[in-house]
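Take a look at the structure set out below.
The values are calculated or read from the model by the stated rules, or taken from the named source; none is laboratory data. Because the structure is predicted, anything quoted here is derived from the model rather than measured. Cβ placement follows ideal geometry from the backbone for every residue including glycine, while neighbour counts extend to all protein chains displayed.
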Amino acid sequence: MTGAGPHLLKITPAEHRVMPWKNGLGTTREIAIDPPDATVTGAGFRWRLSIANVDQSGPFSAFPGVDRTIMVIKGNGMVLTAAGQAARRLDRCFEPFSFSGDAAVDCELIDGPVQDFNLMVNRSLLAARTEVQNLKGTTRRARVGESCIIYLVSGSADIRAGELQECGRAGDTIVVSHLPPDAALELTQQGEALVVAMDLMTVRR
């Protein structure tokens, strides 16, 4: 996922890696991590995208130096309580919630297990913005930062960035990298599609 020149990478569900949580209380399907041989707690880590199964209430793992965006994608939801902050109820699917991985966070399931969608970024290197888009028209255009990740929740879509193009279907992830900051990402639906678009922008110092 690094290297010169524009790049589109498609990742299918068959390529996800199942691994235990850092605290051992659940499992995660890792969709992608950058760089590919990194770990979330290791040197050089930039970002990771994953889907977690939350089968029981309990604490989340801490990830110092990491900013997290999470959303429920299946189930009746959960309540997250971070130390020193008001509890946040996540009971509607596909509503992003961002918080610091430094915080001690406790999760209480509302009514049974859930699946959640997670984006983690190394805040010293990247800032992230997440948007859920329902492609009801023929084409949507989204401004791209330095990298963008598209996760196709339902339907199918053609993803075009400049002269590069990929066709994705539900469950596929498209990583768009090394494009100019003012590049436009074009999503053309093939049937109604719901996508999660995540812009990754380098932190300027």
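Descriptive notes on the structure:
- Counting the residues of the stretch 82-96 that are crowded, with 17+ Cβ neighbours inside 10 Å and more than 13 Å from Asp111 (Cα to Cα) gives 2.
- Members of the stretch 151-169 that are in contact with a Gly (Cβ under 7 Å, 6 or more places away or on another chain) and assigned to a strand (DSSP E or B): Leu152, Ser156, Ala157, Ile159
- Among residues of the stretch 1-39, those that are at pLDDT 95 or above and in a loop (DSSP other than H, G, I, E, B), counted: 2
- Against the criterion of being surrounded by fewer than 19 Cβ atoms within 10 Å (Cβ to Cβ), closer than 24 Å to Asp199 by Cα, touching a residue at least 12 places away in the same chain (Cβ under 8 Å) and of a type in the set (Phe, Trp, Tyr), Phe99 qualifies.
- Search result, residues across the stretch 108-129 that are in contact with a Gly (Cβ under 8 Å, 6 or more places away or on another chain), part of a loop (DSSP other than H, G, I, E, B) and of a type in the set (A, V, I, L, M, F, W, C): Ile110
- Residue that is nearest to Ala127 (Cα to Cα) [pool: residues in the stretch 40-53 that are in contact with a Phe, Trp or Tyr (Cβ under 9 Å, 6 or more places away or on another chain) and part of a strand (DSSP E or B)]: Leu49
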